[in-house]
Amino acid sequence: MDATIRTEDAPTPDLAYDVFSRQCPSRGTLEHVTGRWGALTLGALHDGTFRFNELRRRVDGVSEKMLSQTLHALERDGLVHREAQPTNPPRVDYELTPLGREFAQRLMTLVHYMEGRMDDVLVARERYDAERGGR
């Protein structure tokens, strides 16, 4: 099957996928990886294997429902592995797959860069708000 995605407006024969095309399946994965909870979940799992509640505490502010949905989406995309242990009570561990580790490493590069530039961002925000009379 040819994975090339083409639209009437912008054919992209050189790319297997084109995230700028509304029909491209990579858009869903982009959303899963770069959305707030997806990015934070991948970043947390970059640190190792977590049980659900450990992960929920690590990703401060995420609801149980949202974390569950995020983990399902990342698992479906092949980025997270869910390991259910047949114990009583059941134990479920989450960890990155090799593909997920690649995604997370790139994401963490961006996170570290952003954290290192936050002083500049905060100054820019203050300047913007001062020029426009507040937020």
Can we say Thr97 is surrounded by 13 or more Cβ atoms within 10 Å (Cβ to Cβ) and in contact (Cβ under 8 Å) with a residue 24 or more places away in the chain? no
Looking at Gly61, Gly48, Gly43 in this structure, which one is within 13 Å of the chain's Cα centre (by Cα) and not polar (S, T, N, Q)? Gly43
Looking at (1) under 26 Å from Gly28 (Cα atoms); (2) open to solvent by less than 80 Å² (accessible area, probe 1.4 Å); (3) among the hydrophobic types (A, V, I, L, M, F, W, C), which one does Leu122 not meet, given that it meets all the others? (1)
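Could you please give the count of residues in the stretch 24-50 that are touching a Lys or Arg at 6+ places or on another chain (Cβ under 7 Å) and either within 14 Å of Glu75 (Cβ to Cβ) or charged (D, E, K, R) (or both)?
Step one: filter the stretch 24-50 for residues touching a Lys or Arg at 6+ places or on another chain (Cβ under 7 Å), giving 44, 50.
Filter again for either within 14 Å of Glu75 (Cβ to Cβ) or charged (D, E, K, R) (or both), leaving 50.
Matching residues across the stretch 24-50 total 1.
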Could you count how many residues in the stretch 39-55 are open to solvent by 10 Å² or more (accessible area, probe 1.4 Å) and either touching a Cys at 6+ places or on another chain (Cβ under 6 Å) or aliphatic (A, V, I, L, M) (or both)? 2
Those residues of the stretch 56-66 which are open to solvent by less than 80 Å² (accessible area, probe 1.4 Å), within 19 Å of Arg82 (Cβ to Cβ) and not aliphatic (A, V, I, L, M), in sequence order: Ser63
Taking the stretch 70-91 only, how many residues are in contact (Cβ under 8 Å) with a residue 24 or more places away in the chain and surrounded by 15 or more Cβ atoms within 10 Å (Cβ to Cβ)? 7
Among the residues of the stretch 80-124, write down those that are assigned to a loop (DSSP other than H, G, I, E, B) and farther than 13 Å from Thr49 by Cα. Pro86, Thr87, Asn88, Pro89, Pro90, Arg117
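Would you confirm, using the coordinates I've provided, whether Glu115 is modelled with pLDDT of 95 or more, among the acidic types (Asp, Glu) and either more than 17 Å from Arg36 (Cα to Cα) or touching a Pro at 6+ places or on another chain (Cβ under 7 Å) (or both)?
Working: modelled with pLDDT of 95 or more: yes; among the acidic types (Asp, Glu): yes; either more than 17 Å from Arg36 (Cα to Cα) or touching a Pro at 6+ places or on another chain (Cβ under 7 Å) (or both): no.
The answer is no for Glu115.
The values are calculated or read from the model by the stated rules, or taken from the named source; none is laboratory data. Note that the structure is a prediction, hence the values are computed from the model and not measured. Cβ coordinates were reconstructed from backbone atoms using ideal geometry, including for glycine residues, and neighbour counts include every protein chain displayed. Accessible surface areas use protein heavy atoms only, side chains included; no ligands, DNA or RNA. Shrake-Rupley method; radii C 1.70, N 1.55, O 1.52, S 1.80 Å.
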